[in-house]
């Protein structure tokens, strides 16, 4: 388990973050630690940490990469806590341009990407990311 250098607490780092840069790891860990103090250990702390991460990072395959611009990644992130649950895209920046999404789909070798609309690209990238993560976890 990685240790936070500031307070020697231990935090289980999700596998997708283990394959990401140190800044992404620190962002998740610091937010998670603060959320645990507020909400206790569990799903809510993890959701809070991922929400903070998704403001600056997007999931690409089996890891997280910095976004070109900071901001909410999907409708749920724009609404915030307390609002009814909207669809989330598991780290895909659904607010990115169609061109950016097509580039990601190309990197992930998504078939049929040239004929997809923006919503279809988001769903296909999400599915490709899940496949890549599952593959990385078994290797």
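Each reported figure results from applying straightforward, stated rules to the coordinates on display, with no laboratory input. Given the structure is predicted, the values throughout are model-derived calculations rather than measurements. In this analysis, Cβ positions are derived from the backbone assuming ideal geometry, glycine residues included, and neighbour counts consider all displayed protein chains.
Worth pointing out:
- Exposure proxy ranking, count of Cβ atoms within 10 Å, fewest first, for 93, 68: 68, 93
- Rel. contact order, % - alpha carbon contacts under 8 angstrom, at least six apart, region 15-138: 22
- Relative to its residue count, region 11-78 spans a Cα convex hull of 87 Å³ per residue.
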